[in-house]
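Student: Structure provided below as structure tokens; questions to follow.
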Amino acid sequence: CDLDRTVAGITAWALGNAGQACGAIEIAYVTPTIADEFVRRLTAVWSRLRAAPGSVGETDVAPLANRRQFELVKAHVADACARGAIVVCGGEPTGVGYFFQPTLIDHCTDDMAVVRDETFGPVLAIVRVDGVSDAVARINSARYGLGASIWTRDTDRAERIAARLDV
């Protein structure tokens, strides 16, 4: 994939409305050939974003809608950490209202709430897969198949992969 374009697109789709949208990207299934570089680039971008009150241009990530959602996001991050995932940036409330830092969690697994359930927050779970077939199998076995996107330069390959997805 074009990593610059992929990082920009996933950032926009994962963090728009603080991730509280049905089409938000919550999980990135990433192949080993790009995983380290993908996480490094996302971290460089996400760690500069601001989640705080302010006007347009002063803030990048909106607050969570309510206390219940705020607590759920905290619980999903804590569960991932307890199960061995690594928070590479964010991972904490900002301390102001329902704002939560843009959060990247690497080395997530299918048994973690952040992968198994909808987080609906400014959190992206990175699941490292053994290839496309592994990613397809994991996506198709998930409870929530609201949507998927395939980030590649090869649109023919993307269409073949998309045809295998049950979303």
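Student: From the list GLY19, GLY23, which one is surrounded by 12 or more Cβ atoms within 10 Å (Cβ to Cβ) and touching a Gly at 6+ places or on another chain (Cβ under 6 Å)?
Tutor: Residue meeting the stated conditions: GLY19.
Student: Residues that are part of a helix (DSSP H, G or I) and more than 20 Å from VAL167 (Cβ to Cβ): does the range 16-30 have at least one?
Tutor: Within the range 16-30, one or more residues are part of a helix (DSSP H, G or I) and more than 20 Å from VAL167 (Cβ to Cβ).
Student: Aliphatic (A, V, I, L, M) and touching a residue at least 60 places away in the same chain (Cβ under 8 Å): is that true of ALA28 in this structure?
Tutor: Numbers: aliphatic (A, V, I, L, M): yes; touching a residue at least 60 places away in the same chain (Cβ under 8 Å): yes.
Yes; evaluated as a whole, the condition is true for this residue.
Student: In the range 82-98, is there at least one residue being more than 14 Å from the chain's Cα centre (by Cα), closer than 14 Å to GLN20 by Cβ and modelled with pLDDT of 95 or more?
Tutor: First pass over the range 82-98, keeping only residues more than 14 Å from the chain's Cα centre (by Cα): 82-84, 92-98.
Subset that is closer than 14 Å to GLN20 by Cβ: 98.
Those left that are additionally modelled with pLDDT of 95 or more: 98.
Looking through the range 82-98, at least one residue is more than 14 Å from the chain's Cα centre (by Cα), closer than 14 Å to GLN20 by Cβ and modelled with pLDDT of 95 or more.
Student: Do the conditions hold for ALA125, that is, is it in a loop (DSSP other than H, G, I, E, B) and closer than 16 Å to ALA14 by Cα?
Tutor: The answer is no for ALA125.
Student: What do you reckon, is LEU104 at pLDDT 95 or above, touching a strand residue (DSSP E or B) at 6+ places or on another chain (Cβ under 6 Å), open to solvent by less than 40 Å² (accessible area, probe 1.4 Å) and not in a helix (DSSP H, G or I)? I'd like the intermediate steps shown before the answer.
Tutor: Numbers: at pLDDT 95 or above: yes; touching a strand residue (DSSP E or B) at 6+ places or on another chain (Cβ under 6 Å): yes; open to solvent by less than 40 Å² (accessible area, probe 1.4 Å): yes; not in a helix (DSSP H, G or I): yes.
Considered against the rule, which asks whether it is at pLDDT 95 or above, touching a strand residue (DSSP E or B) at 6+ places or on another chain (Cβ under 6 Å), open to solvent by less than 40 Å² (accessible area, probe 1.4 Å) and not in a helix (DSSP H, G or I), LEU104 comes out as yes.
Student: Can I ask one more? Report whether or not ARG68 is open to solvent by 60 Å² or more (accessible area, probe 1.4 Å) and more than 23 Å from ALA35 (Cα to Cα).
Tutor: Numbers: open to solvent by 60 Å² or more (accessible area, probe 1.4 Å): yes; more than 23 Å from ALA35 (Cα to Cα): yes.
Against the criterion (open to solvent by 60 Å² or more (accessible area, probe 1.4 Å) and more than 23 Å from ALA35 (Cα to Cα)), ARG68 qualifies.
Student: Turning to a different aspect of this structure: If you check THR43, THR94, which single one turns out to be in contact (Cβ under 8 Å) with a residue 60 or more places away in the chain and either in contact with a Leu (Cβ under 9 Å, 6 or more places away or on another chain) or open to solvent by 40 Å² or more (accessible area, probe 1.4 Å) (or both)?
Tutor: So the residue among THR43, THR94 that is in contact (Cβ under 8 Å) with a residue 60 or more places away in the chain and either in contact with a Leu (Cβ under 9 Å, 6 or more places away or on another chain) or open to solvent by 40 Å² or more (accessible area, probe 1.4 Å) (or both) is THR43.
Student: Residue pairs, Cβ under 8 Å, 6 or more apart or interchain, first in the range 115-142 and farther than 16 Å from GLY19 by Cβ and basic (Lys, Arg), second in a strand (DSSP E or B) and open to solvent by less than 40 Å² (accessible area, probe 1.4 Å). List them.
Tutor: Sorted first by the residue in the range 115-142, then by its partner, the pairs are ARG128/VAL30; ARG128/ASP106; ARG138/VAL127.
Student: Among the candidates GLY121, GLY57, single out the residue that is open to solvent by 40 Å² or more (accessible area, probe 1.4 Å), out of contact with any His (no Cβ under 7 Å at 6 or more places or on another chain) and of a type outside the set (A, V, I, L, M, F, W, C).
Tutor: None of the other options fit; the residue is GLY57.
Student: Could you check ILE126 against (1) open to solvent by 50 Å² or more (accessible area, probe 1.4 Å); (2) within 15 Å of the chain's Cα centre (by Cα) and say which number it fails?
Tutor: It is condition (1) that ILE126 fails.
The values are calculated or read from the model by the stated rules, or taken from the named source; none is laboratory data. Worth saying up front: this structure is predicted, and the values here are computed from it rather than measured. With ideal geometry, Cβ positions are generated from the backbone for all residues, glycine too; neighbour counts draw on all protein chains shown. We work out accessible area using only protein heavy atoms, side chains counted, and drop any ligands, DNA or RNA first. Shrake-Rupley method; radii C 1.70, N 1.55, O 1.52, S 1.80 Å.
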